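The values are calculated or read from the model by the stated rules, or taken from the named source; none is laboratory data. Everything numeric in this text was worked out from a predicted model, so none of it was measured. Here the Cβ positions follow ideal geometry from the backbone for every residue, glycine too, while neighbour counts run over all protein chains shown.
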Amino acid sequence: MSVITIQCRLLGDDNSLRLFWELMAEKNIPLINQLLEQLGKHPHFETWLQKGEVPKDIQD
């Protein structure tokens, strides 16, 4: 398994960057929080935590 991290630098005035950040946070943070909550409740979560990965093909 490989992990790719992409970094970028956003340039703009403070108001534009603030607006962009707020839009991203409003759209993505609730989804991420919901996924993390559901993941933590999964019966195999402790096993995944010990292995350091979540299988790509979860059937439960």
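Which residues, taken from region 6-49, are part of a loop (DSSP other than H, G, I, E, B) and loosely packed, with under 10 Cβ neighbours inside 10 Å? Show your work before the answer.
We begin by selecting, within region 6-49, every residue part of a loop (DSSP other than H, G, I, E, B); these are 6-13, 42-44.
The answer is Ile6, Gln7, Cys8, Arg9, Leu10, Leu11, Asp13, Pro43.
Here is a yes/no grid of residues against (1) out of contact with any Cys (no Cβ under 7 Å at 6 or more places or on another chain); (2) at pLDDT 85 or above; (3) of a type outside the set (Asp, Glu):
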| site | (1), (2), (3) |
| --- | --- |
| Arg9 | yes, no, yes |
| Gly12 | yes, yes, yes |
| Ser16 | yes, yes, yes |
| Glu26 | yes, no, no |
| Gly40 | yes, yes, yes |
| His44 | yes, yes, yes |
| Trp48 | yes, yes, yes |
| Gly52 | yes, yes, yes |
| Asp60 | yes, no, no |
